[in-house]
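The block underneath contains the structure these notes are about, expressed in C-alpha cells.
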Amino acid sequence: MLPVLRHYLPLRKALLIVSETVILTLVIGAWMSWHLWDPSSEVEARLFGLIPALTVEDALLRCAYSSFLLSVLAQLAISFNELYDVRVSGSRYDRASRFVESAGSALAVALAFVVIADTWHLDKVFDFPPLSLTQRVQALVFAMLSGFALLYTWRSLFHAVLQQERFAQRLLVLGSGDAAHELAREIVERPDTGYSLVGILPVPEDRGAADRGEHSSTTSVVPRVDRSQTQSYVRPALERNGSGIHLADYVRREGIEVVAVAMEDRRGQLPTEQLLQCRLAGIHVLEQESLYERITGKVAIEALRPSYLIFGEGFEQSTGSRVAKRLLDLIIATILLCVTWPLMIATAIAVGLDSPGPVLFTQERVGKDGSKFTLMKFRSMRSDAEKLTGPVWATEHDPRITKVGRFIRKTRLDELPQLFNVLAGSMSLVGPRPEREHFVTELSQKIPYYNQRHLVKPGLTGWAQINYRYGSTFEDSVRKLQYDIFYIKNQSLLFDLSILFNTIKTVLLRKGT
C-alpha cells in the first residue's frame, strides 16, 4: 500500500487510477490531435496563419496538456460515482450502470470547461489548435465516448486479473481475540487492499479480552466482534515447544508473506524468537494497529492506549499548516456563502412557514481545547423539542423533526449557517463533529481519550462524518472516535481537500443522512 495524504492508498487502486489516466489521456489526445499528424494537410500553414510562431510540435504539446486535464476531470466523475471502490466496481451491474452515469457527467463537464475556456480566451487551457470551437466539441464527444468504452473493457479485464489470488500478498493473523478477528474481517471485506487472508493462528497463552490491560475500559463500550465471518480461518494453535506448529515452518510451508501480530495481551506471551526468525527470513511482520489503520482509515480500538498514542507516528502540527488550514477555511466559506445565499433565504422562509418558532437554532457546543461556542443551524425540529426529554440524540424517524426539517437535514441545508461559525473561527470546514457539553461529559467518563478529539477545531464536515453514519449510541461514538483520532493523527491540507470532495459526493448522493 502506498502512503498518500498521510494515510495509505491500496496499491491496486493506485495502479487502476494511473492506468486509467494514461488510457484516457492517450484516447482524448489521439482524437483531438489526429489532424496534426496528417502530412498531406496544410496544418503547419494553417497554424502559422492562425497563431503566429506556433509550430506543429507546440500544438501537439498543447493538445497533450489539455487532454491530460480533461482525463483528470473525467476521473473525478468516475470517483464521484464510487468506481474506484473495488467493492462497487467489482459488481458487473454496478460497474455498467455507474460507467454510463460517469460518461455522461464527464462529457457534460468537459464540454462546459472547453466552452468556458474558449469564451474567456484562456490560452493553453483546454486548447486544441487549430480546431474551431465547433470542431473541438464534435471531436470531444467521440473522444469521451471512445475513452469510456475502452475504460470499461480495461476495468473488466483488471478485475478478472485481480481475482487471481497470486496477485495478492498472503497474510497470516497471529492472535485469538477480538482484535485478530476484527482485522481478519476487514481484510476479507476489502479486496482492494492487496492482501489474501490465509488464516488466524491462535497463541494459547493469549488471554484475549479478559486481560486487555490499559484499554479494557474502551473495549467494554463496544460489543464483542461477530466471528461468524472469520471463524473458518482459525487454524490449530501455535505451540512454543517442538510438539506443535512452529511459526517459521508454518509461514514457509503456506507461502505467507505478511504476519500481522494481533495478540491482545503480549506481556510475556509474544513468540519473539519465532517472529524474529520470520523477519530475518524476509517476512514482513506488522502490528495489528498499524495494519488496521492502513486498511480501514481509522485507529483501532486496541490502539487507544497511552503507549501507542505516545510512540506512534503522526499528530504533527506546525504553524504553517495551521495558517494554511485557516486560509482554506476563510476562502471556501466565503465562496460558499456567496453561492448559497439564495438557498439560505429560501430555507429560512420555508422553516418559518412550516412551524412556529425562530428560523435559526442556536446551541452551545464544545470546541477546540474544550472552549464553548454558539453553533448556528436552521431549525429542523419543533421549538419545544427537548422540553420534556432534556438533551437526547436525534433518531431515525424522530417525531420532533418537522416536514421541512426532514428535507433540509437530508440535503444538509440546515448546516449552511455554520459557515458563519467557520468565518468567526470557532469552527473549521473539516474536523470532528461538535458535541454538546452534556454528551461530552457523559462520553468522556465512559470512553478513554474522548477529549482528544478537542485538540482541533470541530468541523462542518469531517473524516468520521463521511465514513460513518449519524451516531446516536455510545457504540457509534466509539466508532466515530476511531475516525476522529485518525484524522487528528494524519491531518494535512491535502487530506482536508479530499474530505471536502468526498463531502460533496456524500451530500449529492444523500448518503449518511
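Every number in this text was worked out from the coordinates using simple rules, so none of it is lab data. On a predicted model such as this, the values are computed, not experimentally measured, just so you know. FYI the Cβ positions are ideal-geometry reconstructions off the backbone, even for glycines, and counts take in every protein chain you see.
Brief remarks on what is shown
- Cα-based Kirkwood hydrodynamic radius, the range 267-325, one decimal, Å: 14.3 Å
- Inter-label distance for Leu423 and Lys124, nm, one decimal - labels placed 7 Å from Cα along Cα-to-Cβ: 3.6 nm
- Averaged over residues, the count of other Cβ atoms within 10 Å places the peptides 376-384, 306-314 in the sequence 376-384, 306-314, highest first.
- The H on the amide N of Met381, modeled in the peptide plane, is under 5 Å from the matching H of Thr402, each at least 5 residues off or on a different chain.
- Other residues whose C-beta falls under 13 angstrom from the C-beta of Lys480 contribute a net charge of +1, scoring Lys and Arg +1 and Asp and Glu -1.
- Listed pairs Lys298/Lys403; Lys368/Lys403; Lys325/Lys403; Lys124/Lys298; Lys124/Lys410; Lys403/Lys480 exceeding 31 Å between Cα atoms: Lys298/Lys403; Lys368/Lys403; Lys325/Lys403; Lys124/Lys298; Lys124/Lys410
- Restricted to Cα atoms, the range 441-513 shows a radius of gyration and a Dmax of 12.6, 37 angstrom.
- FRET efficiency, 1/(1 + (r/R0)^6) with R0 22 Å, evaluated for Arg406 and Glu437 via beta carbons: 0.25
- Descending Cα extents along the principal axes, the range 83-189, whole Å: 67, 25, 22
- Square roots of five times the Cα gyration tensor eigenvalues for the range 226-316, Å: 25, 17, 14
- Counted charge near Trp154, where neighbours are those whose Cβ lies closer than 13 Å (Asp, Glu -1; Lys, Arg +1): +1
- For the range 21-35 versus the range 107-175, the gap between their alpha-carbon centres in whole angstrom: 9 Å
- Spatial separation of Cα centroids for the range 396-428 and the range 296-366, in angstrom: 12 Å
- Annotation: amide H of Leu460 within the under-5 Å range of Ser428, Leu429, Val430, Gly431, sequence separation 5 or more or interchain, hydrogens built in the peptide plane.
- In order along the range 143-151, phi translates into HN-Hα couplings of 5, 5, 4, 5, x, 6, 5, 5, 4 Hz, rounded to whole numbers, per the Karplus curve 6.51 cos²θ - 1.76 cosθ + 1.60 with θ = phi - 60° and x for Gly and Pro.
- Among Cys338, Cys278, a tally of other beta-carbon atoms within 10 Å of each Cβ gives an order, fewest to most, of Cys338, Cys278.
- Check: the range 319-508 dipole with +1 on Lys, Arg Cβ and -1 on Asp, Glu Cβ, in debye: 220 debye
- Highest-first packing order for the peptide set 170-183, 72-85 is 170-183, 72-85, based on the mean count of other beta carbon atoms within 10 Å.
- Shape index of the range 319-508: Rg/Rh, with Rg the Cα radius of gyration and Rh the Kirkwood radius from the inverse mean 1/r over Cα pairs, equals 0.95.
- Most tightly packed first, judged by the mean number of other beta-carbon atoms within 10 Å of their residues, the peptides 246-257, 89-100 read 246-257, 89-100.
- Over the range 285-394, all Cα pairs binned in 10 Å intervals from 0 give whole-percent P(r) values of 10, 22, 26, 24, 15, 2, 0, listed from short to long.
- Inter-centroid distance (Cα atoms) of the range 442-502 relative to the range 255-291, Å: 30 Å
- With R₀ fixed at 35 Å, the C-beta to C-beta distance from Ala149 to Ile349 puts the FRET efficiency at about 0.15.
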